[in-house]
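A short worksheet on the structure shown next.
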Amino acid sequence: MRQTVEKWSTQITEIVSGWPSVEAVTLGDPLGEDVYDPHFFLSLDVYYTGNIPSPEERCASFTFGGGFEFSPSGKKDRFLIEEVPIRIEYIEKEKFAARVDGKEGLFVLLRENGSYPFYRILHSRILFSRSSWFEETREKLENLPDSFWTSLRTFFLSRLEHHFSDLEAASIRQDPLLFLVASGSFVRVLCSTVFIINRTFEPSLRVLQKAIRELPVLPESFHVRLENFLRCEPSLSLSRKSEIAGLLVKSLIHLV
């Protein structure tokens with residue numbers, strides 16, 4: 001697997017680093033144990049200034065791949081190389097820098113992705129860097145002021161209470177579909193909040209369950225309550241699950 005990762009990440013980097021607007025290219029940890037694992041894919045982040053080639057031009061550049069597709073925004077590419085899934089995300093350097101500095105766009109980023117984009121900065125491997133910008137950004141994230149963590153904690157706690165209200169309303173109405181949808185949002189933000197309380201950024205969703213168990217600061221009975229909430233058993237009513245969710249929220253608020 002290592003040879004596969006090195007071969008294709010190097011070849012892709014050689015292409016995109018030739019685009020004048022590209023500032024840095026990084027490789028996230030390959031997910032999955034081997035190429036036959038359904039979780040396995042190569043994930044590259046391309047940070048750029050100005051403009052990048054169009055999706056059609058990028059497709060023509062990756063002639064060694066197949067099944068090319070791009071997101072509606074044109075900022076994400078997916079394709080296959082010898083049945084290996086490749087994912088490339090194109091990130092505007094200036095916008096991301098503003099978010100790291102706590103300026104415009106920070107909370108929009110957190111609302112959509114949690115703190116995972118910051119995790120990727122810290123834990124990705126640098127394949128190409130045109131300047132010292134990426135290393136300096138990583139250093140900033142390793143030395144964030146208390147005010148930054150406080151603002152993130154306040155933001156996530158507020159969103160957690162919001163999603164809990166939706167979940168509680170669905171329980172009172174006995175609306176299982178609404179409850180299921182609200183539950184997904186609730187758990188997602190719950191995990192984000194726990195990581196921020198621990199002053200660390202959350203990893204990929206695929207390893208989130210393992211990572212959350214390793215956090216040093218957690219409320220008493222947190223894991224038991226979370227596991228009970230996630231159980232899919234007919235005997236566990238919506239009202240009981242809502243009660244468990246309420247205990248999870250209160251335990252985090254008391255923790256801070």
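The values are calculated or read from the model by the stated rules, or taken from the named source; none is laboratory data. Note that this is a predicted model, so its numbers are computed, not measured. Every residue, glycine as well, gets a Cβ built from its backbone with ideal geometry; the counts of neighbours run over all protein chains shown.
Looking at Arg206, Arg138 in this structure, which one is in the same structural domain as Ser237 (by TED's automatic domain parsing) and at negative phi? Steps first, please.
Values: Arg138 fails: in the same structural domain as Ser237 (by TED's automatic domain parsing).
Just a single option satisfies the conditions, and that option is Arg206.
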Condition broken by Leu122, with the remaining ones in (1) over 27 Å from Glu56 (Cβ atoms); (2) surrounded by 18 or more Cβ atoms within 10 Å (Cβ to Cβ); (3) in the same structural domain as Ile15 (by TED's automatic domain parsing) satisfied: (2)
Checking Gly246 against (1) at pLDDT 95 or above; (2) within 28 Å of Phe118 (Cβ to Cβ); (3) of a type outside the set (D, E, K, R), the condition it does not meet: (2)
Criterion violated by His254 - all others in (1) outside any helix (DSSP H, G or I); (2) more than 22 Å from the chain's Cα centre (by Cα); (3) surrounded by fewer than 13 Cβ atoms within 10 Å (Cβ to Cβ) satisfied: (1)
Where a residue in the stretch 34-52 is surrounded by 17 or more Cβ atoms within 10 Å (Cβ to Cβ) and its partner, wherever it lies, is part of a loop (DSSP other than H, G, I, E, B) and modelled with pLDDT of 95 or more, with Cβ under 8 Å and at least six apart: Tyr48/Trp19; Tyr48/Ser21; Ile52/Trp19; Ile52/Ser21
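Please find, among Ser131, Ser171, Ser124, the residue that is within 23 Å of the chain's Cα centre (by Cα) and among the polar types (S, T, N, Q).
Details: Ser131 fails: within 23 Å of the chain's Cα centre (by Cα); Ser171 fails: within 23 Å of the chain's Cα centre (by Cα).
Of the residues listed, the single one that is within 23 Å of the chain's Cα centre (by Cα) and among the polar types (S, T, N, Q) is Ser124.
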Subset of the stretch 111-166 (residues that are in contact with a strand residue (DSSP E or B) (Cβ under 8 Å, 6 or more places away or on another chain) and among the small types (Gly, Ala, Ser)): Ser124, Ser129, Ser131
